[in-house]
Amino acid sequence: MSEKREITLVVNGRSHSIRIDPRRTLVDAIRDDCTVLLEGEPVRSCLMFAVQAEGCQIRTVEGLANGDELHPLQQAFIDHHGLQCGFCTPGFLMLAAGVLERDPNINDEDLLDLLASNLCRCTGYQNIVKAVRAAAIKMGARR
């Protein structure tokens, strides 16, 4: 059994000091959803150890909205019916946010390749792609 380690994770701008086993994954340390933005890049929190994220800026789906103002992606998923059961939605939102905040002009081929890394068992992906495209247009107009 390994010795627990004290670490500080910065999640959505707030510091959280926790004591964890070094082999504990980031997903176990902060949530049950898998995709977060780590220093602005989408990562699967279920595939990395929490200690690897110490001192990094971590952004979860809860960190997308600005108070009561939804992120353009969140609004687009509502407007374009980009979700059904909601299980996969945080992963899609964080994947898309990570790329669209850097490049809202991502081409369709790269967008489809990005979104294919997250599985949805309810939809045919068409509305998810429509929602991300709509958000990309809105986000591009904001620059």
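The values are calculated or read from the model by the stated rules, or taken from the named source; none is laboratory data. Owing to the predicted nature of the structure, the values given are computational and were not obtained by experimental measurement. Please note: Cβ atoms are built from the backbone with ideal geometry, for glycine as well, and neighbour counts cover all protein chains shown. What goes into the accessible areas is simple: the full protein's heavy atoms, side chains included, and nothing from ligands, DNA or RNA. Shrake-Rupley method; radii C 1.70, N 1.55, O 1.52, S 1.80 Å.
A search for C-beta distances below 8 Å between a residue of the stretch 100-129 that is under 17 Å from Val43 (Cβ atoms) and any residue that is at pLDDT below 90 and open to solvent by 60 Å² or more (accessible area, probe 1.4 Å), counting only pairs 6+ apart in sequence or on different chains, returns Leu115/Tyr125. Contact annotation: residue pairs with Cβ atoms under 7 Å, 6 or more positions apart or on different chains, pairing a residue in the stretch 4-19 that is on the phi < 0 side of the Ramachandran plot and open to solvent by less than 40 Å² (accessible area, probe 1.4 Å) with a partner that is in a strand (DSSP E or B) and at pLDDT 90 or above, are Leu9/Ile58; Val10/Gln57; Val10/Ile58; Val11/Ile58. Among the residues of the stretch 13-33, those that are under 25 Å from Leu119 (Cβ atoms) and either modelled with pLDDT of 90 or more or assigned to a loop (DSSP other than H, G, I, E, B) (or both) comprise Arg24, Arg31, Asp32, Asp33.
In this structure, is Thr35 closer than 30 Å to Lys4 by Cα and touching a residue at least 60 places away in the same chain (Cβ under 8 Å)? For Thr35, the condition - closer than 30 Å to Lys4 by Cα and touching a residue at least 60 places away in the same chain (Cβ under 8 Å) - is met. Here Arg143 passes the criteria (1) more than 23 Å from Ser45 (Cβ to Cβ); (2) surrounded by 13 or more Cβ atoms within 10 Å (Cβ to Cβ); (3) at pLDDT below 90 except the one numbered (2). Go through (1) in a strand (DSSP E or B); (2) under 26 Å from Asp103 (Cα atoms) one by one and return the number of the condition Thr8 breaks. It is condition (2) that Thr8 fails.
All told, Leu9 falls short of being of a type in the set (A, V, I, L, M, F, W, C) and closer than 26 Å to Cys120 by Cα.
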